[in-house]
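Visitor: One structure follows; several queries about it will come next.
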Amino acid sequence: MRERKTRRNFLLSSAAVASSIVTADALINNTSGIPSATMPERVLGRTGIKVPILGLGGAGTNTPIDKPDKEREAVAIIERAIALGIRYFDTASSYGASELHLGKVLPAHRAKIFLASKTAKRDRDGAWQELESSLKRLNTDHLDLWQLHHVSFLQEIDTIFSASGAIKALEEAMQQKIVRFAGITGHHDTQVIAEGIRRFQFHTTLIPINAVENHHSDSFIPAILPLAKQENLGVIAMKVPAYGKLFQTGGLANIQQALGYTLSQSGVHCCIIAADSVQQLEENVQAAVSYQPLTNQQLATIEQRTNGIWQDSTFYRSWN
C-alpha cells in the first residue's frame, strides 16, 4: 500500500502551483435579460450543503465543455454559469476535456462552488489514480463529491465492495479530507443502484429523473427515490431533457416543462443539465429561476404527452 500522507502533500502543493497561475477574472455582467432573481435552493440530503436546483453538466453530445477543441466556448459557458449563480459543477475523469476546461475557470471561485467528479474504476488503486488525475486537471486539492460512475451490473457491486475494491479509495480519500462526500451514479439498472445504497452509507446518488422515466418498466422514480429519501441521500437528477429527445414532435414544448417535471418529484434536490451554448445555458437558468412545483394533474398531463416518445427517449438505459 502506498503512503497516502505523501500523496496528499503532493496534491496540495501541485494544486497551489496551478491555482497561482489562474487569475481571478471578474464575473461577467448580466446583460442577457435573465431575471436578477436567484434560483431556489435545496439541502442536498445528508451532505447538509444547500445548492441551487440547477447545476452545470460536464458532458453531452453537443456541449463544448468536454470537447478538446472547444476551449474558448467551454470557458465562456463556465464563466457565464458562475455569473448566473450556478454553484454545482458536474464532471468525470472520462469526460474528455471537461475537467481541464473547468480547471481553467473554477479555481478562482473554488470557495463558493460545489465540485463533483466521478471514477469509472472498480478497484482501489485504479480509482486512486483517477482521483489524482481529476484533482490535477481541475486544479484543486479536494473534491466536494466523488462518485462511482455509471455502476450498471451486480458483478461490479461485488468488485467495488471487495477487499481491494474502489470503495476503499472513497473511504481513504474522505478520511484524508481530499473528498468531502461520496456518491453512486447509474442509469442502467435500478436494482444495482439500490444494492449499492444498501451496502454503503453514500451521501448522494445521481440518477435519471425525467418525464419519460416512469414509462419504463424499471423506473428510477419509484425504485430509488423512496429508498434515497429513507436514507437521507442527496438526489441529483440527470438526463432531464434526455439529450433533447423530450422536445421531439409529440413531446414536451420546452425546458420549463422538462425541468419542472424533474424537480417536482419528491426527494429530488437538484439536477444537472449540460449546455450547448451560452444562450441555452441562460434559458436553462431562466427555467430554474421561474420554477414552481407542478401539481399532480400537471405531472400526469406531462406523462401523457410523453407516452408516445418514451422508448426512443430512454435510450440511455441501454448504456453501461
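Visitor: For A300, only one of the following conditions fails: (1) buried (at least 18 other Cβ atoms within 10 Å of the Cβ); (2) in a helix (DSSP H, G or I). What is its number?
Guide: Single failed check for A300: (1).
Visitor: Given F220, F161, F153, which one is within 27 Å of K245 (Cα to Cα), at pLDDT 95 or above and over 20 Å from the mean Cα position of the chain (by Cα)?
Guide: F153
Visitor: Ok, one more. Name the strands (runs of 3 or more DSSP E) wholly within the range 140-239 that hold at least 2 residues that are of a type in the set (G, A, S)?
Guide: By residue number, 179-185, 234-238.
Visitor: Given the conditions (1) surrounded by fewer than 24 Cβ atoms within 10 Å (Cβ to Cβ); (2) within 18 Å of the chain's Cα centre (by Cα); (3) over 15 Å from T185 (Cα atoms), and given that Y88 satisfies all but one, which numbered condition is not satisfied?
Guide: Answer for Y88: the failing condition is (1).
Residue by residue, here is whether (1) closer than 26 Å to K229 by Cα; (2) touching a residue at least 40 places away in the same chain (Cβ under 8 Å) holds:
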site	(1), (2)
L263	yes, yes
V268	yes, yes
C271	yes, yes
D276	no, yes
Q280	no, no
E283	no, no
A300	yes, no
D312	no, yes
R317	yes, yes
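Visitor: Out of the residues in the range 113-138 that are of a type in the set (D, E, K, R) and in contact with a strand residue (DSSP E or B) (Cβ under 7 Å, 6 or more places away or on another chain), which is nearest to H149 (Cα to Cα)?
Guide: The residue in question is K118.
Visitor: Could you grab the pairs with beta carbons closer than 9 Å, sequence gap of 6+ or different chains, first residue in the range 213-231 and over 21 Å from L252 (Cβ atoms), second one open to solvent by 50 Å² or more (accessible area, probe 1.4 Å) and not polar (S, T, N, Q)?
Guide: Within 9 Å, the pairs are L227/R198; E231/R46; E231/R198.
Visitor: For the range 232-259, which positions are on the phi < 0 side of the Ramachandran plot, in contact (Cβ under 8 Å) with a residue 60 or more places away in the chain and open to solvent by 20 Å² or more (accessible area, probe 1.4 Å)?
Guide: K245, Q248
Visitor: Given (1) at negative phi; (2) free of Cβ contacts under 8 Å to residues at least 40 places away in the same chain, where does G96 come up short, assuming only one miss?
Guide: (1)
Visitor: Would you confirm, using the coordinates I've provided, whether A173 is closer than 25 Å to L294 by Cα, small (G, A, S) and either modelled with pLDDT of 95 or more or out of contact with any strand residue (DSSP E or B) (no Cβ under 7 Å at 6 or more places or on another chain) (or both)?
Guide: Against the criterion (closer than 25 Å to L294 by Cα, small (G, A, S) and either modelled with pLDDT of 95 or more or out of contact with any strand residue (DSSP E or B) (no Cβ under 7 Å at 6 or more places or on another chain) (or both)), A173 does not qualify.
Visitor: Continuing with the same structure: Select from the range 264-284 the residues that are assigned to a helix (DSSP H, G or I) and in contact with a helix residue (DSSP H, G or I) (Cβ under 8 Å, 6 or more places away or on another chain) and write down the one among them that is nearest to T205 (Cα to Cα).
Guide: N284
The values are calculated or read from the model by the stated rules, or taken from the named source; none is laboratory data. As the structure is a prediction and not an experimental result, all values here were calculated from the model. Note: ideal-geometry Cβ built from the backbone for every residue, glycine included; neighbour counts use all protein chains shown. Side chains included, ligands, DNA and RNA excluded: accessible areas come from the protein's heavy atoms. Shrake-Rupley method; radii C 1.70, N 1.55, O 1.52, S 1.80 Å.
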